[in-house]
1. Before I look further, what does region 191-261 give for accessible area per residue, probe 1.4 Å, in whole square angstrom?
2. Any idea which of G201, V167, I219 is furthest toward the positive side of the dipole for region 153-219, if Lys and Arg beta-carbons carry +1 and Asp and Glu beta-carbons -1?
3. Determine the per residue accessible area of region 1-116 with all protein chains present and a 1.4 angstrom probe, expressed in square angstrom.
4. Put +1 on the Cβ of each Lys and Arg and -1 on the Cβ of each Asp and Glu in region 4-99; which of A42, L67, N57 then has its Cα farthest toward the positive end of the dipole?
5. At 7 Å along Cα-to-Cβ for each site, give me the label-to-label distance between K202 and K111 in nm.
6. Mind ordering 88-94, 14-20, 75-81 by average Cβ neighbours within 10 Å, highest first?
7. Cut-off under 29 Å on the C-alpha distance; same-chain residues fewer than 8 positions from K78 excluded. Which lysines are left, in chain and number order?
8. How do 32-45, 119-132 rank on mean C-beta neighbours within 10 Å, highest first?
Amino acid sequence: MLMDLLLIYKQFYEDLPPSYKEFKIKIHKLFPYINDTKHIAASLRRDLQEKNSSHTNDIEYLYDTSLFGLYVNTSKVKDFFIPFVTCINETRDRYRIEIETGLTQNLEKVKGSHCHEAGFDALITGAVFLRLAHIAARRDEQFLLRRSFPPTVAETLNSLNNWKNCVNIVRAPIRYINFEGEDPPIDKPNWIRVKGNPSQGKLLDISWIRNHLPKYGDIEVVQLNNQSVLLACSAWSSARNVWMSLEEEGYILSAQEFPMSTYGSLTLVAGVTLGSAVVFLTTLICLRKFV
């Protein structure tokens with residue numbers, strides 16, 4: 001979504017502002033109420049886990065935060081008050097098969113589907129958004145039980161207020177950008193610099209590193225030279241396991257802090273960490289003007 005906002009601003013409004021702080025202010029003025037389904041799903045899942053919610057199935061529905069993964073998984077939520085999404089007229093005729101198929105299959109894996117067609121993606125996003133709002137609303141055990149009638153639209157949507165105007169950001173040391181407040185602190189482990197140890201007969205085996213380490217989690221490998229690589233781990237537990245494994249192999253290890261470039265009030269990594277897409281790399285290119 002961040003890339004979409006950058007492109008919309010640049011192509012349809014004006015050149016990007018000279019600072020990141022000004023960019024956030026102007027985006028918030030243009031779009032005062034932004035909801036990002038990926039950020040909502042990930043944050044909602046963590047909230048349910050921390051509160052030991054009785055709706056354990058809801059947690060399972062939120063692990064895949066991709067749009068079409070959420071569509072198929074949130075379709076499994078069954079209760080009397082869940083919003084029902086359907087289409088009428090030409091839209092129904094055009095998308096009926098995909099809407100029904102998507103209840104049981106990830107549409108990105110269905111050949112010939114309308115995935116990534118703008119209108120269809122907007123339809124699916126709306127359905128997912130309403131389902132996420134419903135899941136968020138029923139975190140309150142009494143929210144639905146104390147009523148003999150469905151909650152209002154306002155009541156359901158207000159359950160998402162904690163995550164409004166926050167946009168997920170991938171391949172970065174922060175989880176999201178907050179367009180109406182302070183961004184979250186860095187919560188990723190430092191990079192691990194791995195070097196061979198020729199004096200002990202240990203040369204860097206990049207192929208082994210690439211094939212062996214992913215079992216510990218999401219790992220990204222950036223080769224610096226023939227005898228040195230940087231590793232980025234998605235979680236602290238992964239970093240600990242990777243460190244111990246490499247140490248046992250006899251490599252020389254050191255922790256390396258993120259090299260930073262400051263844009264206004266935010267610090268962004270001048271490189272990559274972990275994530276499921278390459279949006280952040282492209283975002284950095286678009287943010288060059290903020291240096």
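1. 56
2. G201
3. I get 60 Å² per residue for region 1-116.
4. The residue sitting farthest along the positive end of the dipole is A42.
5. 4.9
6. So the order, starting with the most tightly packed, is 14-20, 75-81, 88-94.
7. Straight-line reach from K78, under 29 Å: K38, K51, K109, K111, K164.
8. Descending mean neighbour count gives 32-45, 119-132.
The values are calculated or read from the model by the stated rules, or taken from the named source; none is laboratory data. In this text the structure is predicted, and so the values were computed from the model without any measurement. With ideal geometry, Cβ positions are generated from the backbone for all residues, glycine too; neighbour counts draw on all protein chains shown. Note: accessible area is taken over every heavy atom of the protein model, side chains too, but ligands, DNA and RNA are not part of it. Shrake-Rupley method; radii C 1.70, N 1.55, O 1.52, S 1.80 Å.
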